[in-house]
Amino acid sequence: LVKREHKLLKDFTEVEANPFANKYFNPKTGLRAGNSIVIGGNVVSLGSYYIQITAGDPAQSFTVLFDTGSSNLAIPMLGCTSCGKANQFNPSASESFKTIKYNSTACNKCSPLDYFNDVNKCVFGKPQLYSQSDCGFGITYGGGSAALGGFLGSDRVCLDTLCVSDMIFGLITEEFPPNEFFAPPQDGIIGFAHEFNACNPTCSTPIFDKISKDLGIPNVFSMCLTPDNGGSLDLGFIDNNKFSGVINWTPIEVKRWYNMYLLAVSYTHLRAHETGRNL
């Protein structure tokens, strides 16, 4: 269960002991508190989980790796020769696609406002130039063992029925190692970590932050995972039917990943006590 801000909670009507119950609705917008999305994958054979999204108008479908350690949405661009057998996005087939240009305001946003309140103070270097006039991006994963590169564009993106326009995402033109980054059936990656991680080096709004802001749902999500048969991703609410007991909240120690202060770990009757550690 991840609660990322408190701003929207006051607009929702409280039900039972869960402040983000799935019975909540926003009286200002008439919207239900979110949607439940099927998660595929497992930790047994695949080692990862994935969800379905669409991008473009008309919609093009993709299966993307669900990642809580990064913050960008990136899918292969049509013509990528190092992207394996992944489905590839065709910008020309979408009526609403726009390329983010290098000299644009969007490309030159290089600092999360939450941190420095100054978009001109670049956190990870100046914006990248791609193909003479476009805004480039580059992301490394796993301590540098894998990387994606390409350029930024914007379009309509949907997670189930939760759709936003002008969502900025990466179009992958190169993967490293070639043809090995995504295991089938995964085509791309969708990041749900903090905005700070979405600077590569241009800072773009993570997709769930944009969904929360544009559609007026709480910035909270929860996952119910199984070891071998996927699960569900609940956006904007916490389903009372998927847990028992009381929800206990703990502060996030670092506004990049979901780091928690770890006091102890228990497994059956064994207990390993630790203090001052982050998980």
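The values are calculated or read from the model by the stated rules, or taken from the named source; none is laboratory data. Note that the structure is predicted; figures quoted are calculated from it, not measured. Glycine gets a Cβ as well: all are built from the backbone with ideal geometry, and neighbour counts include every protein chain shown. Note: areas computed on protein heavy atoms with side chains; ligands, DNA, RNA excluded. Shrake-Rupley method; radii C 1.70, N 1.55, O 1.52, S 1.80 Å.
Per the conditions (1) assigned to a loop (DSSP other than H, G, I, E, B); (2) at pLDDT 50 or above; (3) within 26 Å of residue 244 (Cβ to Cβ), the sole criterion not satisfied by residue 13 is (2). Residues of the range 238-252 being aliphatic (A, V, I, L, M) and part of a loop (DSSP other than H, G, I, E, B), which ones? Passing the criteria: 246, 247, 252.
Checking the stated criteria, residue 38 turns out to be of a type in the set (Val, Ile, Thr) and open to solvent by 70 Å² or more (accessible area, probe 1.4 Å).
Selection of first residues in the range 92-115 that are closer than 19 Å to residue 171 by Cβ and of second residues that are of a type in the set (A, V, I, L, M) and at pLDDT 95 or above, restricted to Cβ pairs under 6 Å at least 6 apart or on distinct chains, gives the following pairs, ordered by first then second residue: 100/152; 106/100; 107/100. Quick check, is residue 258 modelled with pLDDT under 80 and either surrounded by 16 or more Cβ atoms within 10 Å (Cβ to Cβ) or aromatic (Phe, Trp, Tyr) (or both)? Considered against the rule, which asks whether it is modelled with pLDDT under 80 and either surrounded by 16 or more Cβ atoms within 10 Å (Cβ to Cβ) or aromatic (Phe, Trp, Tyr) (or both), residue 258 comes out as no.
With respect to being assigned to a strand (DSSP E or B), open to solvent by 10 Å² or more (accessible area, probe 1.4 Å), modelled with pLDDT of 85 or more and touching a Phe, Trp or Tyr at 6+ places or on another chain (Cβ under 8 Å), residue 149 fits the description. What number of residues within the range 100-116 are at pLDDT below 75 and part of a loop (DSSP other than H, G, I, E, B)? Residues flagged as at pLDDT below 75 and part of a loop (DSSP other than H, G, I, E, B) within the range 100-116 amount to 1. Filter the range 117-130 down to the residues that are open to solvent by 80 Å² or more (accessible area, probe 1.4 Å) and either modelled with pLDDT of 90 or more or under 22 Å from the mean Cα position of the chain (by Cα) (or both) and list them by number. Residues satisfying the conditions are 124, 129.
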